[in-house]
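Down below is the structure, laid out as structure tokens.
The values are calculated or read from the model by the stated rules, or taken from the named source; none is laboratory data. Because the structure is predicted, anything quoted here is derived from the model rather than measured. Cβ sites come from the backbone with ideal geometry, for glycine too, and all protein chains shown count toward neighbours.
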Amino acid sequence: MRQPISLYLHIPFCVKKCHYCDFLSFPGCSLSRQAEYVDAMIQEIHAYREAAEDYEVKTIFLGGGTPSLLEKELVERLFHELYSVWRAAPETEITIEANPGTLSREKLIGYHMIGINRLSLGLQTTIAQELATIGRIHNYEQFLANYYLAREAGFDNINIDIMSALPGQTLISYGKTLERILKLQPEHISSYSLILEEGTDFWENAEIERALPSEQTERIMYHYTKKCLQNAGYERYEISNYAKPGYACLHNQVYWTGGEYLGLGLGAASYWKGARFSNTPDMEEYMENCSRARITENRKEIVTATQKSRMEEYMFLGLRMIRGVSIREFERRFGIPMNRIYGTVIRSYIGQGLLKIEQDRLMLTERGIDVSNSVMADFLLEE
């Protein structure tokens with residue numbers, strides 16, 4: 001019986017690096033360079049031909065960068081080769097990330113015809129000044145045009161990314177963004193609060209820091225998001241993700257539940273055969289190794305998963321989900337009761353009203369979600 005696996009394909013190209021972005025991406029690559037990169041990815045895909053015999057792909061995710069920047073023919077070629085190596089289940093969830101302004105009717109129809117069945121649109125905000133401040137390349141009108149084109153092309157599973165706590169953002173402007181998005185009724189909404197990351201244009205930028213909403217305003221935005229989306233029929237299934245019933249992102253749940261996934265492309269991360277590793281972030285090294293069929297030389301930071309690290313990840317990642325983690329599944333996986341490893345921490349946080357147990361599941365309370373990072377950090381075991 002084939003084992004389940006998920007695939008992540010990284011496309012690092014973008015039109016312009018957003019001011020807050022710390023992902024592995026860069027602007028300005030020529031079409032010929034993009035084609036060369038896709039050729040390298042195809043060589044990497046074929047290097048796994050023998051290993052792929054043991055697996056059935058449950059989810060595929062094209063992330064970036066901006067995957068929709070690629071020409072339609074390059075995406076089609078990439079998937080043709082992917083399907084020739086990896087067996088995908090009929091119900092496989094296949095997502096492509098896209099930025100408004102990089103889509104066309106032809107691209108969207110082409111995506112749908114090759115089996116891509118989920119579209120993730122990076123809107124962030126509907127307010128023109130906020131879009132300009134964070135360095136987005138599109139306006140709200142372009143987003144709307146792309147959204148309606150996607151519906152016409154047959155996409156019935158669309159995610160929209162939005163952000164709160166942006167420089168210059170107010171409760172009124174954020175409320176306007178939520179109102180506009182809810183009128184569109186996408187199947188999924190990812191709602192993130194801006195974090196200033198080192199290495200980005202926003203890092204240590206005094207002007208930007210002064211323009212940020214207050215901590216109190218940020219908390220109001222956070223709770224307002226939850227209330228609005230739940231009232232509109234969206235289920236919150238993870239700290240930052242909301243979906244209509246039946247539309248939770250399967251690929252992300254693989255990450256949160258400890259499933260196996262293989263990353264293909266520049267800098268792509270994997271958890272495969274008991275080890276975590278990432279491909280090199282150096283483009284020349286990546287393409288050279290692919291051209292010479294030296295795929296394993298692309299792997300960096302290889303860490304073999306231990307019993308300790310697997311238990312930590314089960315708790316740390318699983319508690320991101322609103323349904324929390326299964327107490328029985330912990331013992332099944334690790335051969336030891338959860339209470340024996342984490343009893344003291346669990347009792348402490350239950351006493352503080354930050355964790356609760358419902359039947360077989362341990363989960364964060366509403367108050368616990370508000371301080372989730374500090375709670376989850378205590379599930380990291382000492383050496």
| Which residue pairs have Cβ atoms closer than 6 Å, lie 6 or more positions apart in sequence or on different chains, and pair a first residue in the stretch 131-156 that is of a type in the set (Gly, Ala, Ser) with a second residue that is assigned to a loop (DSSP other than H, G, I, E, B)? | Gly135/Cys18; Gly135/His19
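For the stretch 103-138, how many residues are part of a loop (DSSP other than H, G, I, E, B), modelled with pLDDT of 95 or more and closer than 29 Å to Ala211 by Cα? If you could, list the steps in order and put the result at the bottom.
Applying the first criterion (part of a loop (DSSP other than H, G, I, E, B)) to the stretch 103-138 yields 103-104, 114-117, 125-127, 135-138.
Filter again for modelled with pLDDT of 95 or more, leaving 103-104, 114-117, 125-127.
Pick out the ones that are also closer than 29 Å to Ala211 by Cα and you get 125-127.
So the count comes out to 3.
Being at pLDDT below 90 and of a type in the set (A, V, I, L, M, F, W, C): is that true of Leu381 here? Quick ask: steps written out before the conclusion?
Details: at pLDDT below 90: yes; of a type in the set (A, V, I, L, M, F, W, C): yes.
Taking the combined requirement at face value, the residue satisfies it.
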| helices (runs of 4 or more DSSP H) wholly inside the stretch 162-281 that include at least 1 residues being modelled with pLDDT of 95 or more | 171-184, 215-231, 250-257
| message | Contact list please: Cβ distance under 7 Å, first residue in the stretch 258-276 and closer than 18 Å to Gly65 by Cβ, second residue acidic (Asp, Glu), pairs at least six apart or on different chains. | response | Leu264/Glu44
| task | Answer yes or no: is there a residue in the stretch 161-179 that is within 20 Å of Lys107 (Cβ to Cβ) and in contact with a strand residue (DSSP E or B) (Cβ under 9 Å, 6 or more places away or on another chain). | result | yes
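Residue-by-condition table, conditions (1) in a loop (DSSP other than H, G, I, E, B); (2) modelled with pLDDT of 95 or more; (3) of a type in the set (Val, Ile, Thr):
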| site | (1), (2), (3) |
| --- | --- |
| Ala293 | yes, no, no |
| Thr296 | no, no, yes |
| Val303 | no, no, yes |
| Ser309 | no, no, no |
| Met315 | no, yes, no |
| Arg323 | yes, yes, no |
| Glu329 | no, yes, no |
| said: I'd like to check something: does the stretch 21-42 contain any residue that is surrounded by fewer than 19 Cβ atoms within 10 Å (Cβ to Cβ) and either on the phi > 0 side of the Ramachandran plot or not assigned by TED's automatic domain parsing to the domain that holds His251 (or both)? | reply: yes
| query | Quick check, is Leu362 out of contact with any Pro (no Cβ under 6 Å at 6 or more places or on another chain) and either under 21 Å from Tyr271 (Cβ atoms) or in a helix (DSSP H, G or I) (or both)? | reply | no
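Run down Ser374, Ser348 and say which single residue is of a type in the set (S, T, N, Q) and within 29 Å of the chain's Cα centre (by Cα). Show your work before the answer.
Working: Ser348 fails: within 29 Å of the chain's Cα centre (by Cα).
Only one candidate passes the filter, namely Ser374.
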| message | Here's a check for you: in the stretch 126-143, which residue that is within 16 Å of Ser104 (Cβ to Cβ) and under 22 Å from the mean Cα position of the chain (by Cα) is surrounded by the fewest Cβ atoms within 10 Å (Cβ to Cβ)? | response | Ile137
| query | Among the residues of the stretch 297-342, which ones are of a type in the set (Val, Ile, Thr), surrounded by fewer than 16 Cβ atoms within 10 Å (Cβ to Cβ) and farther than 26 Å from Leu250 by Cα? | reply | Ile336
| said: Taking the conditions exactly as written (under 30 Å from Ala268 (Cα atoms) and aliphatic (A, V, I, L, M)), does Met315 satisfy them or not? | reply: yes
